[in-house]
Amino acid sequence: MKKLGKGIYHFLTSSRWNDSALLFLRLFTGTMMMMHGITKIQDYEMLYPSFPDLLGLGGGTTLTIITLIEVGCSALLIIGLLVRPASIILAIGMFTATFIAFPHKTFAQGELSFVYMGIYLALAISGGGRYAFDKLLRAKK
């Protein structure tokens with residue numbers, strides 16, 4: 001039994017397990033944010049009149065840019081390509097949503113975007129891991 005416990009501990013502390021956790025985090029978070037962006041596309045006509053104008057280009061243009069970022073960078077996270085830059089861009093988007101775009105919201109109302117921001121910052125620090133296309137690209141150089 002002691003040997004089995006050591007084997008499980010060794011497996012759970014291996015770099016492959018950590019890389020598997022990063023893969024799960026990228027896939028789960030990327031899919032969730034992509035679905036959020038797709039919902040914005042579906043509800044575009046309803047959202048654009050009231051969407052905050054953060055860039056001075058109008059609410060509709062800001063909504064389009066944010067939606068493209070959410071969907072595009074999420075796709076990059078899912079496939080593991082340019083994980084760090086995509087994560088930084090998404091973290092900036094979530095910071096903006098939490099603290100700038102909707103300042104009237106309570107922290108509890110903006111908590112989800114704050115959590116996403118933390119996840120994206122963690123991915124920006126860690127990178128995509130072994131199971132990312134970024135790893136393949138680095139190996140070829």
Pairing the Cα long axis of helix 107-126 with the longest principal axis of the chain, what angle in degrees results, from 0 to 90 and rounded to the nearest 10? 50 degrees
Under 15 Å from the Cβ of Ala124, count the other residues' Cβ atoms, weight Lys and Arg +1, Asp and Glu -1, and hand me the total. +1
Cα-derived Rg over Rh, computed across the stretch 64-141 with Rh taken as Kirkwood radius: 1.06
Leaving ligands, DNA and RNA out of it, report the carbon-plus-sulfur percent of the accessible area of the stretch 28-141 at a 1.4 Å probe. 72 percent
Using packing as a proxy for protection, rank 47-53, 61-67 so that the peptide with the highest average count of other Cβ atoms within 10 Å comes first. 61-67, 47-53
Quick one: helix 59-79 against the long Cα principal axis of the chain, what's the angle to the nearest 10°, folded into 0 to 90? 10 degrees
Could you please put Met46, Met34 in sequence from largest to smallest accessible area, using a 1.4 Å probe? Met46, Met34
note: the chain, Cα-Cα separations exceeding 21 Å make up a percent value of 50 percent
Heavy-atom accessible area ranking, 1.4 Å probe, most first, across His104, His36: His104, His36
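The values are calculated or read from the model by the stated rules, or taken from the named source; none is laboratory data. Since the model is a prediction, treat every value here as computed from it, not as a measurement. Positions of Cβ are backbone-derived with ideal geometry, glycine not excepted, and every protein chain shown enters the neighbour counts. Ligands, DNA and RNA are excluded from the accessible area calculation, which covers all protein heavy atoms including side chains. Shrake-Rupley method; radii C 1.70, N 1.55, O 1.52, S 1.80 Å.
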